[in-house]
Amino acid sequence: MATPAPPRWDRKMQQRLARGEEAALGELYDRYASLVHSLAHRVLDDDEAANHITREVFGFLWENPDAYDPRRGSLRSWIAALTQRRAVQRLRHAENRGRSSQDEIEAKVREANTAARADFIVTSMPAPLRDALELAYFRRRDYRQTAADLGVTEDEARRRLRLGLQLLSTAMAPAAPAGLDGWQR
């Protein structure tokens with residue numbers, strides 16, 4: 001799982017890419033390739049297509065380092081938005097070739113967007129919230145057992161679960177349309 005990088009790291013990485021430092025691309029790939037691949041795979045449900053999107057995203061980053069603006073958000077968020085947009089475009093194109101109806105295509109796109117947003121939210125949320133959700137939903141612990149496993153009070157366990165679920169529920173909200181540069185408007 002990719003860890004959030006400090007904003008200063010994001011700016012320096014963009015500057016290094018702009019100077020054509022191949023090592024910078026390697027560091028960026030090491031940090032974010034699993035995020036890009038998993039988001040693309042979630043949308044496309046195809047490992048080969050996810051590999052293609054991963055190569056495409058990092059190729060775009062290499063060729064267009066100035067497309068990222070550190071003042072508008074984190075590099076991680078921008079890369080995730082870029083990945084999701086490209087994967088959805090590929091899904092629409094593939095579905096159009098398969099002669100699916102427009103309603104079927106849009107339903108698949110909405111489902112893929114929701115799943116990708118949920119993945120991104122879970123990987124981005126603070127570890128205490130994520131840990132509480134994992135115990136409660138994947139290990140079937142109630143809030144009392146979650147509190148005991150985490151070594152926190154029952155009130156704190158309930159608070160973490162509530163906040164984690166509130167964050168996760170935002171995945172169901174419709175996303176704002178992305179601009180040409182991958183940023184949400």
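The values are calculated or read from the model by the stated rules, or taken from the named source; none is laboratory data. As the structure is a computational prediction, the values presented were derived from the model and not from experiment. Ideal geometry is used to build each Cβ from the backbone, glycine not excepted, and the neighbour counts take in all protein chains shown. Each accessible area value is taken on the protein alone, full model and side chains, heavy atoms only, with ligands, DNA and RNA left out. Shrake-Rupley method; radii C 1.70, N 1.55, O 1.52, S 1.80 Å.
Here the range 8-124 is assigned +1 on the Cβ of each Lys and Arg and -1 on the Cβ of each Asp and Glu. Its dipole about the Cα centre then comes out at about 480 debye.
For helix 22-44, what angle does its Cα long axis make with the longest principal axis of the chain, in degrees from 0 to 90 and rounded to 10? Taking the Cα atoms of the chain, the angle to 22-44 is about 70 degrees. In this Cβ point-charge picture (+1 for Lys and Arg, -1 for Asp and Glu), the range 126-173 has a dipole of about 120 debye about its Cα centre.
Strictly greater than 24 Å: what percent of every Cα pair in the range 1-104 meets that? Walk me through the intermediate numbers first.
Numbers: 1386 of 5356 pairs.
Distances greater than 24 Å cover 26 percent of the Cα pairs.
GLU154 contributes an accessible area of around 80 Å² to the protein surface, as traced by a 1.4 Å probe with all chains present. Simple rule: put +1 on each Lys or Arg Cβ and -1 on each Asp or Glu Cβ in the range 126-173, find the dipole, and look at GLN145, ALA127, MET172; the Cα lying farthest toward the positive end is MET172. Every helix of 4 or more DSSP H residues in the chain counts as -39500 (n - 2.57), and over all residues that averages to -23000 deg cm²/dmol at 222 nm.
Here the gap between ASP149 and HIS52, fully extended at 0.36 nm per residue and compared with their Cα-Cα distance, gives a gain of 30.9 nm. On a per residue basis, the convex hull of the C-alpha atoms belonging to the range 81-124 measures out at 52 Å³. In this view, the solvent-accessible surface of MET13, computed with a 1.4 Å probe and all protein chains in place, comes to about 0 Å².
How long is the gain from TYR137 to ASP45 if the chain were fully straight, where each residue apart is worth 0.36 nm and the alpha carbon distance is subtracted? If you can, show how the numbers build up before the last one.
Values: separation 92, 0.36 × 92 = 33.12 nm, distance 2.33 nm.
Roughly 30.8 nm would be gained on extension.
Taking every protein chain into account, the accessible area of the range 8-124 amounts to 54 square angstrom per residue (probe 1.4 Å).
A 1.4 Å probe, protein heavy atoms only, puts the accessible area of THR123 near 40 Å².
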